[in-house]
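Colleague: Please read through the structure below; I'll follow up with questions.
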Amino acid sequence: MNFKKHIYTFSSLFILFFSVIVFYEWIFDKRLFFTVNENSSTTKVNTALLFLFSTLALLSRKYLKKNIHIIILASLICFISTFTLLEYLLNFNFLLDNFLVQDTISNTNPGRMSVATAICFLLFSIGLFSLTRTNKHSIKKLQILFFFAPAFAFFNVIAFILRVPLDENISFFKTMSIHTSIGFLIISYLLIFDNTFYNLKKFYFSDLQGSIILRKSVPITIIFPLLLGFSILKLIQNGMLNHETGIVLFTLVLMLSSFIIFLVASVKFNKVDYAKKKLTQNILNKNIELSYYKNALDKVASVTFIDENGIIKYTNTNFCNLSKYSKKEVLGKKCNFLFSEQQNNPLLPSIIKIISKEGIWNGEIKKINKDGNPYWTNTAIVPLQKNSNINEFMCIEMDITTEKKATELLASKYVETLQQKNQELQQFSYIASHDLQEPLRTINSFSKFLYDNYADQLDGTAKTLFSYIKQATHRMSKLIKNLLEYSKIEHHKKPKKVNCNTLIEEIKLDFHFIIQQKKVIITYDNLPVIHAYKSMLRMLFQNLINNAIKFSKKDSPPVIEIHSVKQKNSWLFSIKDNGIGIKKEFHDKIFSIFQRLHSGKKKYKGTGIGLAHCKKIIHLHGGELWVESKLNEGSTFYFTIPNLK
Ligand code: ADP
């Protein structure tokens, strides 16, 4: 591009320089370059003036936005050239020829530019006018007219090179000097350089085969015949060839060269044609394949195209069946109204982010049909890119309303049954544990009465049996008490603020005696104040701390560490001990009611209800409870408490 610009500047400066020199030669009567040869034509002062106007018009277009300068300058060129032609036609002198300088050297029509020059300038002014037009058709017509100007000039240059002895019939060309002709070719090039000549430029510089062949043929069709003609003329002039042989030779060589050029062009065209046919067939096949895909997709899914602003660009019939909207009602509209909630809108920034990262978004979307009823779709959104920018989205949707409704129904039924069963179970355990107390108390008091009143009649074995009954009823009473407590867990009260640090301190006080005895160390970092059911939370910590002390190793004092970490919507607590640990296979089992790992051994007393209790408490809060432990390596109990308010 820079190179082209340099040529443009250089050519403009050259024409300016040329005009100035011609002026100088005429005004100061100095015959230097363009007005020397008395036998051949000279460049007239008017011609130099029109060259100056032409270059100024073209240069002003480069630097000034408005067209008025071009119109004025083109009108001047048009005016002077038309009047010169009228002078020739009417054989009349309008005093235009020697208006600037008196021509004393020309024999015929002194000071008047040649007919050819006047015609060329008239055509050139038409080309200049075309720059000021906006209508593409009129620009095209004016530019075609203009093209005769460089063609005349070119013909004149060729005639000069070949030194054609132009006879009187075409002397019209003879009067145009070679300098003027070259000047014309240069200003025509400058004009064609302008962007309004885009049609020609597009045609000449395009990468289509016709343009490529045209570009390649220019040197062959112009330079080769020129050189050939020039050489044959030289041979004739030197007497080495007579006229007839020269003409025959020229015709033969030109015929042969034209044939070769056309042959090469034909081979090229055939190749291109063959490739084009193959490509067309390929496209046709691909189109058929695509139509199969489209048909299949249309049969099973609803397809929509949405642009980056959410405007619906295309929908298929399936979409209309599903949404109950007609194509007319949705095309060109924003897609928002189709979605039940804003969070389902496929053009949310969060979804767009996933699409641009992963190339697809997949998910379930709840939509509203025309009747106002919701329907569910399993949706895939794929971006469609143009020049690496996402400008459209293709939404492929499968109707899952039936499945969704079935699952929802099943879930609600399941929850209902579960709630009912839970209630029944609670009632059962409450009644069972409550009513069991009474007969147990009777057994207890009667066996005590029996023992107290008949002790002297009992032998040693009977007394031992009585002590077994006493122990068993005591254990049973404890079991029933625990069961009663377990069944009573319900969140009838509202959660309250609980300071976990105070809670631990209170529990430590309760365990004061055993802590002293077993040299227990309990540490905790800055625990949070949370919303919870206080008595339950206390029971939870109490159970876990109690277990950590109870299941400690014989030889080392228990060390219990309590930590808490804030998570997104909850608190994560951990209670770590250095006790006997739990085998991995029992990690789940221990949370079931009455499940104990040491039931046979007397050293770990308990009923196996403590962790079931804890689990229930945590579930009431909406959290989770689990353990991480290895045998002999201590255990860590984790639980989460969601932020309740
Ligand atoms: P209990 O303590 O009355 O036996 P739990 O439900 O509290 O009942 O515990 C169930 C079982 O889980 C216990 O019997 C014990 O085997 C095991 N367990 C609970 N906590 C710990 C712990 N901190 N270390 C080792 N084992 C434990």
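The values are calculated or read from the model by the stated rules, or taken from the named source; none is laboratory data. For clarity, every value in this text was computed on a predicted model and none was experimentally measured. Neighbour counts run over all protein chains shown; Cβ positions are idealised from the backbone, glycine included.
Colleague: Being in the same structural domain as Phe262 (by TED's automatic domain parsing), β-branched (Val, Ile, Thr) and in contact with a Ser or Thr (Cβ under 9 Å, 6 or more places away or on another chain) is the filter here, so list the residues in the stretch 195-231 that pass it.
Modeller: If the condition is that a residue be in the same structural domain as Phe262 (by TED's automatic domain parsing), β-branched (Val, Ile, Thr) and in contact with a Ser or Thr (Cβ under 9 Å, 6 or more places away or on another chain), then Ile212, Ile220, Thr221 are the ones that fit.
Colleague: Any residue in the stretch 118-135 that is within 60 Å of the chain's Cα centre (by Cα), part of a helix (DSSP H, G or I) and exposed (fewer than 14 other Cβ atoms within 10 Å of the Cβ)?
Modeller: no
Colleague: Return the pairs, sorted by first residue and then second, in which the second residue is modelled with pLDDT under 90 and basic (Lys, Arg), the first residue lies in the stretch 123-152 and is farther than 17 Å from Leu76 by Cβ, the beta carbons are less than 9 Å apart, and the residues are 6+ apart or on different chains.
Modeller: Cβ pairs passing all conditions: Ile139/Arg133; Leu142/Arg133.
Colleague: Now, a different point. Examine the stretch 298-306 for a residue that is among the polar types (S, T, N, Q) and closer than 30 Å to Pro383 by Cα, and state whether such a residue exists. Please lay out each step first, then the result.
Modeller: We begin by selecting, within the stretch 298-306, every residue among the polar types (S, T, N, Q); these are 302, 304.
The next check asks that each one be closer than 30 Å to Pro383 by Cα; those that pass are 302, 304.
Checking the stretch 298-306: at least one residue is among the polar types (S, T, N, Q) and closer than 30 Å to Pro383 by Cα.
Colleague: Ok, one more. Only residues in the stretch 310-337 that are closer than 21 Å to Val300 by Cα count as the first member; pair them with residues that are aromatic (Phe, Trp, Tyr) and at pLDDT below 90, Cβ under 7 angstrom, at least 6 apart or cross-chain, and list the lot.
Modeller: If the second residue must be aromatic (Phe, Trp, Tyr) and at pLDDT below 90, the pairs left are Leu322/Tyr375.
Colleague: Here is a follow-up. Can you name the number of the only condition in (1) touching a residue at least 40 places away in the same chain (Cβ under 8 Å); (2) touching a helix residue (DSSP H, G or I) at 6+ places or on another chain (Cβ under 7 Å) that Asn391 fails?
Modeller: (2)
Colleague: A further question follows. Are there any pairs with C-beta distances below 6 angstrom linking a residue in the stretch 609-629 that is farther than 11 Å from Glu485 by Cβ to a residue that is near the ligand (Cβ under 9 Å from one of its atoms) and of a type in the set (Gly, Ala, Ser), with the two at least 6 apart or on different chains, and if so which?
Modeller: Once the first residue is farther than 11 Å from Glu485 by Cβ and sits in the stretch 609-629, its partners that are near the ligand (Cβ under 9 Å from one of its atoms) and of a type in the set (Gly, Ala, Ser) give Val627/Ser635; Ser629/Gly581; Ser629/Ser635.
Colleague: For Phe428, work out the one condition from (1) out of contact with any Ser or Thr (no Cβ under 7 Å at 6 or more places or on another chain); (2) at pLDDT 80 or above; (3) of a type in the set (Phe, Trp, Tyr) it doesn't fulfil.
Modeller: (2)
Colleague: Also, I was wondering about something else. Quick one: which strands (runs of 3 or more DSSP E) lie wholly within the stretch 309-411 and hold at least 3 residues that are surrounded by 12 or more Cβ atoms within 10 Å (Cβ to Cβ) and among the hydrophobic types (A, V, I, L, M, F, W, C)? Can you show your working first?
Modeller: Values: elements: 312-315, 361-368, 374-386, 389-399.
Those strands (runs of 3 or more DSSP E) span 361-368, 374-386, 389-399.
Colleague: Return yes when Gly183 is in a helix (DSSP H, G or I), at pLDDT 90 or above and in the same structural domain as Ser130 (by TED's automatic domain parsing) and no when it is not. Steps first, please.
Modeller: Numbers: in a helix (DSSP H, G or I): yes; at pLDDT 90 or above: yes; in the same structural domain as Ser130 (by TED's automatic domain parsing): yes.
For Gly183, the condition - in a helix (DSSP H, G or I), at pLDDT 90 or above and in the same structural domain as Ser130 (by TED's automatic domain parsing) - is met.
Colleague: Is there a residue being farther than 19 Å from Asn482 by Cα, at pLDDT below 85 and not in a helix (DSSP H, G or I) anywhere in the stretch 445-458?
Modeller: Yes; the residues of the stretch 445-458 include at least one that is farther than 19 Å from Asn482 by Cα, at pLDDT below 85 and not in a helix (DSSP H, G or I).
Colleague: Out of Lys327, Lys286, Lys294, Lys277, report the one residue that is outside the structural domain of Phe224 (by TED's automatic domain parsing) and either at pLDDT 90 or above or under 26 Å from Thr401 (Cα atoms) (or both). Talk me through it step by step, then tell me what you get.
Modeller: Values: Lys286 fails: outside the structural domain of Phe224 (by TED's automatic domain parsing); Lys294 fails: outside the structural domain of Phe224 (by TED's automatic domain parsing); Lys277 fails: outside the structural domain of Phe224 (by TED's automatic domain parsing).
Selected residue: Lys327, the only one of Lys327, Lys286, Lys294, Lys277 that is outside the structural domain of Phe224 (by TED's automatic domain parsing) and either at pLDDT 90 or above or under 26 Å from Thr401 (Cα atoms) (or both).
Colleague: Select from the stretch 517-538 the residues that are surrounded by fewer than 18 Cβ atoms within 10 Å (Cβ to Cβ), in a helix (DSSP H, G or I) and not polar (S, T, N, Q) and write down the one among them that is nearest to the ligand (Cβ to nearest atom).
Modeller: Lys518
Colleague: Can you work out which of the residues in the stretch 483-503 that are buried (at least 16 other Cβ atoms within 10 Å of the Cβ) and either touching a His at 6+ places or on another chain (Cβ under 8 Å) or assigned to a strand (DSSP E or B) (or both) is modelled with the highest pLDDT?
Modeller: Val498
Colleague: Here is a follow-up. Restricting the search to the stretch 543-591, which residues are small (Gly, Ala, Ser) and within 13 Å of the ligand (Cβ to nearest atom)?
Modeller: Initial filter on the stretch 543-591 (small (Gly, Ala, Ser)): 548, 552, 556, 564, 570, 574, 579, 581.
Correct list: Ala548, Ser552, Ser574, Gly579, Gly581.
Colleague: Given Ile580, Ile609, Ile562, which one is under 18 Å from Asn501 (Cβ atoms) and within 60 Å of the chain's Cα centre (by Cα)?
Modeller: Values: Ile580 fails: under 18 Å from Asn501 (Cβ atoms); Ile609 fails: under 18 Å from Asn501 (Cβ atoms).
Sole residue among the options that is under 18 Å from Asn501 (Cβ atoms) and within 60 Å of the chain's Cα centre (by Cα): Ile562.
Colleague: Which residue pairs have Cβ atoms under 8 Å apart, sit 6 or more places apart or on different chains, and have a first residue in the stretch 108-120 that is at positive phi and a second that is crowded, with 23+ Cβ neighbours inside 10 Å and among the basic types (Lys, Arg)?
Modeller: Gly111/Lys44
Colleague: Additional query: Mind listing whichever residues of the stretch 406-448 are within 27 Å of Ile609 (Cα to Cα) and among the hydroxyl-bearing types (Ser, Thr, Tyr)?
Modeller: Applying the first criterion (within 27 Å of Ile609 (Cα to Cα)) to the stretch 406-448 yields 414-445.
Within the stretch 406-448, Tyr414, Thr417, Ser429, Tyr430, Ser433, Thr442, Ser445 meet the criteria.
Colleague: Among the residues of the stretch 622-633, write down those that are out of contact with any helix residue (DSSP H, G or I) (no Cβ under 9 Å at 6 or more places or on another chain), within 16 Å of the ligand (Cβ to nearest atom) and in a loop (DSSP other than H, G, I, E, B).
Modeller: Asn632, Glu633
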